Each structure stands twice: as structure tokens, then as C-alpha cells.
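Report on the following structure.
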Amino acid sequence: MTAFDLLKEFGHEQLVISQDPGANYVGIVAIHDTTLGPALGGTRLWNYAKLEDAIVDALRLARGMTYKSAVAGLPLGGGKSVVIGDPARRDREACFRAHGRYVDTLGGRYIMAMKAAAKVRWGKDTLTGRRVAVQGAGKVAQHLARHLHEEGAKLIVSDIDDAKVQRFVADFGAAAVAPDAIYDAAVDVYAPCALGATLNDQTIPRLKAEIVCGGANNQLADPRHAAAVEKRGVFYTPDYVANGGGVINICREIEGWSEQRALDQAAGIYDTVLRVVEVAQREKVTTAEAADRLAEERLAAVRALREVRRQ
């Protein structure tokens, strides 16, 4: 599927590709939908094999941000940008300054979702004693691991950066495994917190977890993999529902919310997961499809309200 096919299928509003040879910069900004408000989304720096891969990633991530904001009940739309390059590059400042200039021209609290998933799967939302495989050892994974450690969960961690893994071992008593071995770990929960598309034809048959719930975006390599996960008896927590805490915190900064209001909104992720399950069971669809429907219902309601105001 080409970028133009995705633009048409998902209804993106804008796609911008920019470059600055002097700063060794190539960046892409994708804006999916601004029905609910201005597009919100972060920036991913990654060494994509080709430009088409970066474009597709930006488009998919932007759409995910729209749905993430919609199901979280936020007044924000969805967008995302990606910068092509080595994450370890030393000229990051010049690169990101160039990125900022081009963007300017366009004028988590994941533990709650995991506890709700535990409630659905095991009948109680405690994670004490549960074995959780955390894929990735970045900042998102670190916050999640801290919550889990305090909850009394037993951690397994993997990352391509062994130094980061060793910090998890030291700080949280985690057991380290090789990056590819994380899928074979005998755990209760698989928490993908690195790159997306880790749930695919090769990895799903290897999963031993009963729950998938993590901070990574676009965890499913293809929408059909939601059914493949559930067919194995694994409860899949839709990624943009589970990792909505980050966008809620950003909305707090933009809208000037109090800390308590932001915390209350984040606490609502627990109830949102349960609503997703209700829709999935009632309509006999996957949890991924159910989450999409909740997001699309809110988008449709706001669009209808706008039409009434125009009349």
C-alpha cells in the first residue's frame, strides 16, 4: 500500500516532506484529523531503510494519535512527525532545529490500563506476583517498570541497548533476556514499549502471555493481527487506549488543566478499557475494532455538532 493509498483510506488532511541538506535533515509531518482540535503528536527519530517506510510510519502514527485523543476525551486531533537518521547521531541539535523550523511553518500512566486488563482476564486488577515482560528500556518503559515494581510484579526486560537493560536489573530486580527472546518468555503480561509492529505473523505464535498491554504505538503489524492475538486466548489492550496518559499530560499543558484534572482524566483509562471490552463483547468484534468504533463515534458526534453550528 502506497502513501497515497493510505492518505485516501484513512482520510489524512496533510502530508509534508521537508529536507535541509546543510543540517543533514529529512523529515515528514503527517496530520490525520483536526476535527476535535489542533493535531498533537511527537517526533520519532529512526534510521528508516527508505523514504516510503518513513512516510507510512508517520501516517500510521498520526492516525493513532487521532484515535488516542478521541477515546481519551481530549479536545485534540492527531498528527505525527518522523525524522530519518541514526538515533545516536551527534548532530542532533542542527537536525532538530531544522525540523522545528519546518514544523513551525505549518502554523504515561499505562499501569491503569494494565490493571483493567488484569480485571478482565483474571477477575481482579492486582498485578502483585504477576510476571511482566517489558520490551524496551527507554523512558516510557522505565516509568512503567517503576509502577510495576512498586505493585509487586516480577519483571523481565529486553532492549538492544544492554546498558539500559542493566539499569532495570539494578533498579527493579528485573531479569534480562535477549531482544528476540522476549516473545518466548513465560509471563502473564507482554508489554511492548519500543517500536511498533512487534505483533506479527512471526511473533504472535510464540507469545505465552495472557495479556498484551504496553506503551508502544502501532503494536499490530496489520489490523488482522488483533484477531490472531485473540485467537490464541490473549487479551489485547488497544495500544492507543493503554498509552493515552502521555497525550493527556500534554493536553494539560496546552489547555492549562490542573494536575488533579489531568490525573482524573488518566484514571479514566481504566474505565475506557472496560468500555472497549463491553463494545467488543456486544458487537462480537476484536478489542482493536471496538476501540476504533468508540473513537469514530466521538469524531462523528463532534463533526455533526459542527454542521449544526454552521446552519
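Observations, loosely collected:
- Candidate set from the stretch 121-147 (those that are among the small types (Gly, Ala, Ser) and touching a strand residue (DSSP E or B) at 6+ places or on another chain (Cβ under 9 Å)); member that is farthest from Gln219 (Cα to Cα): Gly129
- Being open to solvent by 20 Å² or more (accessible area, probe 1.4 Å) and at pLDDT 90 or above is a property that does not hold for Asp271.
- Out of Gly78, Gly107, Gly73, one residue alone is modelled with pLDDT of 80 or more and on the phi > 0 side of the Ramachandran plot. It is Gly73.
- Taking the conditions (1) aliphatic (A, V, I, L, M); (2) modelled with pLDDT under 95; (3) under 19 Å from Ala117 (Cα atoms); (4) touching a Leu at 6+ places or on another chain (Cβ under 8 Å) in turn, Leu144 satisfies each one other than (4).
- Of all residues in the stretch 149-174, those satisfying the criterion of being closer than 14 Å to Val187 by Cα, hydrophobic (A, V, I, L, M, F, W, C) and not in a loop (DSSP other than H, G, I, E, B) are Leu155, Ile156, Val157.
- Of all the numbered requirements in (1) of a type outside the set (Phe, Trp, Tyr); (2) surrounded by 20 or more Cβ atoms within 10 Å (Cβ to Cβ); (3) in a loop (DSSP other than H, G, I, E, B), Ala226 misses one, and that requirement is (3).
- Looking across the stretch 33-48, the residues that are open to solvent by 40 Å² or more (accessible area, probe 1.4 Å) and either over 21 Å from Leu76 (Cβ atoms) or not in a loop (DSSP other than H, G, I, E, B) (or both) come down to Ala39, Thr43, Arg44, Trp46, Asn47.
- Within the stretch 175-191, tally of residues that are hydroxyl-bearing (Ser, Thr, Tyr) and part of a helix (DSSP H, G or I): 1
For every residue, the table says whether it meets (1) at pLDDT 85 or above; (2) in a helix (DSSP H, G or I); (3) of a type in the set (Phe, Trp, Tyr).
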| position | (1), (2), (3) |
| --- | --- |
| Asp5 | no, yes, no |
| Gly27 | yes, no, no |
| Ile31 | yes, no, no |
| Val56 | yes, yes, no |
| Ala62 | yes, yes, no |
| Arg101 | no, yes, no |
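- The one condition in (1) surrounded by fewer than 16 Cβ atoms within 10 Å (Cβ to Cβ); (2) more than 14 Å from Arg130 (Cα to Cα); (3) more than 22 Å from the chain's Cα centre (by Cα); (4) of a type outside the set (A, V, I, L, M) that Gly152 fails to fulfil: (2)
The values are calculated or read from the model by the stated rules, or taken from the named source; none is laboratory data. Predicted model, so just to flag it, every value in this text is computed and none were measured. Ideal geometry is used to build each Cβ from the backbone, glycine not excepted, and the neighbour counts take in all protein chains shown. Side chains are part of the model used for accessible areas, which takes the heavy atoms of the whole protein and leaves out ligands, DNA and RNA. Shrake-Rupley method; radii C 1.70, N 1.55, O 1.52, S 1.80 Å.
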